[in-house]
Amino acid sequence: MSPTGIDRAADRFYIMPQAEALRLTKINHKHPGLSGFTSAAAAGSLDAWSCLPG
């Protein structure tokens, strides 16, 4: 449980190049501020720390 009392899962980090993030991003035409991508679409980037410059 977090200090604010919210029970949540552990943090997950999706690491990818900007071009990949742009490719995955889908525009929410009804609510443009909510555009993005799902964790399922980005699954291949989960903890992909090796793609960062070294």
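The values are calculated or read from the model by the stated rules, or taken from the named source; none is laboratory data. What you see is a predicted model; the values in this text were computed from it and never measured. Cβ atoms come from the backbone with ideal geometry, glycine included; neighbour counts cover every protein chain shown. Accessible surface is based on the protein model in full, side chains and every heavy atom, while ligands, DNA and RNA are left aside. Shrake-Rupley method; radii C 1.70, N 1.55, O 1.52, S 1.80 Å.
For Y14, the amide hydrogen comes within under 5 Å of the amide hydrogens of D47, counting only partners 5 or more places away or on other chains and with H modelled in the peptide plane. Positive-end ranking of S35, S45, M16 along the dipole of the chain, with charges on Cβ about the Cα centre, is headed by S35.
When T38, T4 are compared by accessible area at a 1.4 angstrom probe, the order from most to least is T4, T38. Taking amide H as placed 1.01 Å from N in the peptide plane, G36 has its amide H under 5 Å from the amide H of K26, N28, each at least 5 places away in sequence or on another chain. Heavy-atom accessible surface of the chain, averaged per residue, reaches 85 Å², computed with a 1.4 Å probe. Karplus-based coupling profile of segment 9-23, in residue order and whole Hz: 6, 5, 4, 10, 10, 9, 10, 7, x, 4, 4, 5, 4, 5, 5, with θ = phi - 60° in 6.51 cos²θ - 1.76 cosθ + 1.60 and x standing for Gly or Pro. Along segment 37-54 the Karplus relation, 6.51 cos²θ - 1.76 cosθ + 1.60 evaluated at θ = phi - 60°, assigns HN-Hα couplings of 9, 8, 5, 5, 5, 9, 3, x, 9, 5, 6, 7, 4, 5, 7, 6, x, x Hz to successive residues, with x for each Gly and Pro. Shown here are the Rg and Dmax of the Cα trace of the chain, at 14.2, 40 Å. Dividing the mean sequence gap of close Cα pairs (under 8 Å, 6+ apart) by how many residues the chain holds gives a relative contact order of 41 percent.
A simple charge model with +1 on the Cβ of Lys and Arg, -1 on the Cβ of Asp and Glu and nothing else charged puts the dipole of the chain at about 240 debye relative to its Cα centre.
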